[in-house]
1. Can you spot a residue in segment 1-19 that is in a loop (DSSP other than H, G, I, E, B), more than 29 Å from the chain's Cα centre (by Cα), within 30 Å of residue 145 (Cα to Cα) and at pLDDT below 90?
2. Could you please let me know if residue 248 is at pLDDT below 90, in contact with a strand residue (DSSP E or B) (Cβ under 6 Å, 6 or more places away or on another chain) and buried (at least 17 other Cβ atoms within 10 Å of the Cβ)?
3. When you go through (1) buried (at least 24 other Cβ atoms within 10 Å of the Cβ); (2) over 25 Å from residue 312 (Cβ atoms); (3) at pLDDT below 80 one by one for residue 637, which number turns out not to apply?
4. Counting only residues that are without any contact (Cβ under 8 Å) to a residue 40 or more places away in the chain, within 30 Å of residue 687 (Cβ to Cβ) and in contact with a helix residue (DSSP H, G or I) (Cβ under 8 Å, 6 or more places away or on another chain), which one in segment 160-199 is surrounded by the fewest Cβ atoms within 10 Å (Cβ to Cβ)?
5. Only residues that are more than 24 Å from the chain's Cα centre (by Cα) and part of a loop (DSSP other than H, G, I, E, B): list them for segment 25-45, please.
6. Give segment 136-195 a look and list any residue that's closer than 24 Å to residue 103 by Cα and not in a strand (DSSP E or B), or say none.
7. Which residue, of 370, 328, is closer than 20 Å to residue 274 by Cα, touching a strand residue (DSSP E or B) at 6+ places or on another chain (Cβ under 8 Å) and surrounded by fewer than 21 Cβ atoms within 10 Å (Cβ to Cβ)?
8. Residues of segment 324-368 being over 34 Å from the mean Cα position of the chain (by Cα), farther than 30 Å from residue 554 by Cβ and either outside any helix (DSSP H, G or I) or in contact (Cβ under 8 Å) with a residue 12 or more places away in the chain (or both), which ones?
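The values are calculated or read from the model by the stated rules, or taken from the named source; none is laboratory data. Since we're looking at a predicted model, the values are computed, not measured. Every residue, glycine among them, receives a Cβ derived from its backbone with ideal geometry; neighbour counts consider all protein chains shown.
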């Protein structure tokens, strides 16, 4: 590789990483860093050190303290280097382990140094030493102090850096090698980091350049302090949230610029549609339908998420949106994560509109039937198709797809959703989720979506009572279930595993089935789990719906897609194995008719205080929005609602919207104010980001 470093003035933060390497040969270290998704010098700025320690002064061995860095110097009095059997380095080179005893120059004390996996050149260096200066962390082995894998320093060399900087490993490139690479960045460049938006207030408190200098230890040791480091971290957290918000707003602007079919109902058509329903819409349903109508007639693709608890009536909004599109000559598609949920929606829509031209396309659909469905889609004879992943297959073509509805969107990948939407021109998208999105998460990840919420439940629901059931109350629980079954009601028993586990102490479906056949003699007990064939599962669900089965022992496959109003009891075993949102979803399977529901969180061992605190959230609240907030706190931000969209090296370095909500809110407020007062400053940024297909592909 030819040198590109003849003039440091040529080097900018936007320069490719190759500019730092002068060797004519390819650099394996550089290639691995690039393979991790890093291409420009500015990418290295965000590879923040794991820790920065001040360089210790040269001291006598008696000052060496456990778990602290120590800088020492002495005479080598013993060397023992042996092969590290079974260990090979790059190119199958033999590695060695080394043991050296050093006598202090300043006293008669000695200190042991140990190295593991030495290369031959390192072995040769150590064997040639008469005196040594070393740096490393002091540890204890058999009551003796020693230093593991210390750095060997040049005794005659210049003064050391004032800091010991430890970088993370990136794509198998160790932190030491990474530091050497970052150290090649010219010192002058650290003063010229470009601000994204110099006009924002945070830049006046601490510049981005200063924040990076502090975080990488590029400031005089006298200036380094805990307070300054905290300010630098806050500045970078602000920058991360700012980057996210600008990308979110870019996606939103990109959506709004696209053209989409206009669907508008006359007042008479709308009145007729609403009155055709066999029930009265709640105020929230009417409000959300108003939002949807506004989107459908905007001339730009709708990107709206409707969130609300299980049973709140999201499907009715989807039905109304479908009919608006159908009445104007276009088709709609409803994609579900499971066949059970798709079948449930299919039956619900057929009940609402018996003459609706509707099809159901599943992975288990017979070839002859599938051929007919695809033909009707292409000719326009099908107004609505409901299905699973089958809908975005290459063989599925529409005459005129106007609306794509995605139920439980977080269970699909972004690419899958895009493949469905791309089957039409300017297709409107309506996303439904029964996992309410906490406010902080909506700010951080869903700012490009319009979000509507349904919080009120339809009239007539009796509600659900939830109880934590420990071993002491187990017999009472069983008697209660028998009492409900005697009244003609039904029950779900949900377990976290199908079979017995060799590693996990949890209950399972197959063992429970054997047990409860005996416990509930006189009642029909059946199993349902993912290892069963599709037709077997379908028959079990149908038998349960027809009241031929009294107790359904299942895994969490029933979390979505089963609507049986006569089922009033939900018992969840090992509830500590489920997230709060999953527990809430499972609980939503009961209490769906005119009878009240009962949910039991059945523990087989004494819970820890942490588990009990978490389960108390479910016991004390039926508000999915409250539960979602608490679930987020317990689980951390994670990847709760979709596929991770980041590159190989994570785009989140310091910012955490749970821990840093005030900073996130300030960013949102600052950007909104700038959009309102000085939009011309943001337009060039939006235009640049819009050229990055990875950003737009997350729409």
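1. Taking segment 1-19 as the starting set, the residues that turn out to be in a loop (DSSP other than H, G, I, E, B) are 1-7, 11-15.
Then keep just the ones that are more than 29 Å from the chain's Cα centre (by Cα); that gives 1-7, 11-15.
Narrowing further to those that are within 30 Å of residue 145 (Cα to Cα): none.
No; the residues of segment 1-19 include none that is in a loop (DSSP other than H, G, I, E, B), more than 29 Å from the chain's Cα centre (by Cα), within 30 Å of residue 145 (Cα to Cα) and at pLDDT below 90.
2. no
3. Just one mismatch for residue 637, condition (1).
4. The extreme case among them is 191.
5. Of everything in segment 25-45, those that are more than 24 Å from the chain's Cα centre (by Cα) and part of a loop (DSSP other than H, G, I, E, B) turn out to be 25, 26, 27, 39.
6. Just the residues of segment 136-195 that are closer than 24 Å to residue 103 by Cα, to begin with: 136-160.
Correct list: 142, 143, 149, 150, 154, 155, 156, 157, 158, 159, 160.
7. Details: 370 fails: closer than 20 Å to residue 274 by Cα.
Exactly one residue qualifies, and that residue is 328.
8. 324, 326, 327, 328, 329, 330, 353, 354, 355, 356, 357 - these are the residues of segment 324-368 that are over 34 Å from the mean Cα position of the chain (by Cα), farther than 30 Å from residue 554 by Cβ and either outside any helix (DSSP H, G or I) or in contact (Cβ under 8 Å) with a residue 12 or more places away in the chain (or both).
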